[in-house]
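Trainee: Handing you this structure, nothing more for now.
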Ligand SMILES: C[S@@+](CC[C@H](N)C(=O)[O-])C[C@H]1O[C@@H](n2cnc3c(N)ncnc32)[C@H](O)[C@@H]1O
């Protein structure tokens, strides 16, 4: 990373990290939990898990409570700060740290890798995506399972949501958060440009971020091809981080693949 765009987007996480979980809403975690447990049980045995872009770790905490050992890494120090607070509030412990999924080398393997919530889309060049898939492969035992959750841009392109008030939210402490999104897809390069104007009005200060993030557009076919080239066998496709939602190209909000490491 390191471009002006990436720096600006890191600034976005700086002002939003504290409110990130509230913006996602409690149902994000409560619906993802049975979905993830189901996969890990069916594709197990799973005990040791790597989340290479863990964000606030909110999705992982119920799994840690359930006895899974989860190592979390993320590029954003601000998201990690909230992750540490979340772990401490839950009275749990977890190995958390800064890491870049393109270059992470922990020198050990896991039973599962969970890369959730659009993080993989941030790797907008095929070269970077391949580097991350190599990281996931190196950190999985043979037969281990990768759960990769990306935005389903096929549905987005069919029904564009390119200009929208993404959030207009008032937190319990009175903080007001407004996010206005102006998106654009470039089908020639297979990228989605997410532009956001974000305002966080606290009691004493107003933070404003104007930033953009470039995301890679994946289809079921391109993702399956990239996974096979990286030594994975795609075995399941789902349309949301919820139990039992089959993938439908023109409707699903998410494109989720479960792949086994050869
Ligand atoms: C939309 S958040 C999702 C966080 C979490 N996985 C979830 O679903 O709640 C995307 C996360 O990916 C992280 N990220 C982006 N690029 C990354 C990279 N190259 N390596 C590690 N983390 C990255 C961001 O810092 C951010 O925390």
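Trainee: Work out, step by step, the length gained on full extension between residue 159 and residue 229: first 0.36 nm times the residue separation, then minus their alpha carbon distance; give nm to one decimal.
Mentor: 22.1 nm
Trainee: Return the calculated 222 nm mean residue ellipticity for the chain, to the nearest 500 deg cm²/dmol, obtained by summing -39500 (n - 2.57) across DSSP H runs with n ≥ 4 and dividing by the residue count.
Mentor: So the helix-based figure for the chain works out to -9500 deg cm²/dmol.
Trainee: Which residues among segment 216-234 fall inside the zone where the amide N is under 18 Å from a point 7 Å beyond the Cα of residue 125, along Cα→Cβ?
Mentor: Correct set: 216-218.
Trainee: How long is the gain from residue 95 to residue 167 if the chain were fully straight, where each residue apart is worth 0.36 nm and the alpha carbon distance is subtracted?
Mentor: Length difference between fully extended and current span is 22.7 nm.
Trainee: For segment 156-214, what is the relative contact order in percent, using Cα pairs closer than 8 Å and at least 6 residues apart in sequence?
Mentor: Result for segment 156-214 is 26 percent.
Trainee: Students often check this: by mean Cβ neighbours within 10 Å, which of 73-81, 202-210 ranks highest, and how do the rest follow?
Mentor: The densest-packed peptide leads the list: 73-81, 202-210.
Trainee: With both bridge residues required to lie in the chain, what share of the DSSP beta bridges run antiparallel, to the nearest 5%?
Mentor: Approximately 75 percent, going by the DSSP bridge assignments.
Trainee: Going highest first, how would you order 144-151, 224-231 by mean Cβ packing within 10 Å?
Mentor: 144-151, 224-231
Trainee: Evaluate the relative contact order of the chain (contact order divided by residue number), counting alpha-carbon pairs under 8 angstrom at least 6 apart; express in whole percent.
Mentor: The value is 19 percent.
Trainee: Which shape class applies to the chain: rounded if a/c is under 1.5, otherwise prolate when a/b exceeds b/c and oblate if not, where a ≥ b ≥ c are the square roots of the Cα gyration tensor eigenvalues?
Mentor: Oblate, because a/c is 1.5 or more while a/b does not exceed b/c.
Trainee: On to the next question. Considering the Cα positions of segment 156-214, please state its Rg to one decimal place and its Dmax as a whole number of Å.
Mentor: For segment 156-214, the Cα-based Rg and Dmax read 14.0, 45 Å.
Read-outs: derived from the displayed coordinates by stated rules, not from any lab. Computed from a prediction, not measured in an experiment: that's the story for all the values here. Glycine also receives a Cβ, built like all others from the backbone with ideal geometry; neighbour counts cover every protein chain displayed.
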